[in-house]
Amino acid sequence: MIVVHCSATKETSAYTVEDLRRDHLSRGFNEIGYHFYIRRNGVIEPCRAISKAGAHAIGFNAYSIAICYEGGLSSSGKPKDTRTGPQKASMQELVTTLKAKYKIARICGHRDLSPDLNGDGTVEPNEWIKSCPCFDVSSEFK
């Protein structure tokens, strides 16, 4: 599976791959937990080797590829799809490539891995642990 994340960065602030590395190391990771990071300008930064399990979604790391995009918060700090045109294009290209190469069966957002608290088989917005990645990944990558 592919799990899409956001960096939870305000749309008015830059958050480089070096910032991401620093923050993940400070959380006790031995490297960035995501496999890919997509900057606002659309540049895809490879982070963790795909051959290594990620450190991004407890219970799903061993069999998923993590993509994170820079952004995810409005200028006031509220969850928002802040992806730029170049980010969307790069994400589409990356997902298409990974899906073909690794026979990916599911593409979802981090929030979609929240527990199904009412047991109805659907993780609904009121059950999300967080809003990340701040857009409906499943619909976008059908």
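The values are calculated or read from the model by the stated rules, or taken from the named source; none is laboratory data. Computed from a prediction, not measured in an experiment: that's the story for all the values here. Backbone-built Cβ (ideal geometry, glycine too); neighbour counts: all protein chains shown.
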Report summary line: Restricted to region 44-76 and to residues being within 18 Å of residue 104 (Cβ to Cβ), surrounded by 18 or more Cβ atoms within 10 Å (Cβ to Cβ) and of a type in the set (A, V, I, L, M), the residue modelled with the lowest pLDDT is 57
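Pick out the one residue from 54, 59, 119 that is over 15 Å from the mean Cα position of the chain (by Cα), assigned to a loop (DSSP other than H, G, I, E, B) and touching a residue at least 12 places away in the same chain (Cβ under 8 Å). Can you show your working first?
Details: 54 fails: over 15 Å from the mean Cα position of the chain (by Cα); 119 fails: touching a residue at least 12 places away in the same chain (Cβ under 8 Å).
Of the residues listed, the single one that is over 15 Å from the mean Cα position of the chain (by Cα), assigned to a loop (DSSP other than H, G, I, E, B) and touching a residue at least 12 places away in the same chain (Cβ under 8 Å) is 59.
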Requested in this report: Please list, ordered by first then second residue, the pairs with beta carbon atoms under 9 Å, 6 or more apart or interchain, first in region 2-22 and modelled with pLDDT of 95 or more, second part of a strand (DSSP E or B) and among the charged types (D, E, K, R).
Outcome: 16/45; 17/45; 20/45
Query raised in the report: Which of the residues spanning region 94-116 are over 20 Å from residue 51 (Cα atoms) and without any contact (Cβ under 8 Å) to a residue 24 or more places away in the chain?
Result: 111, 114, 115, 116
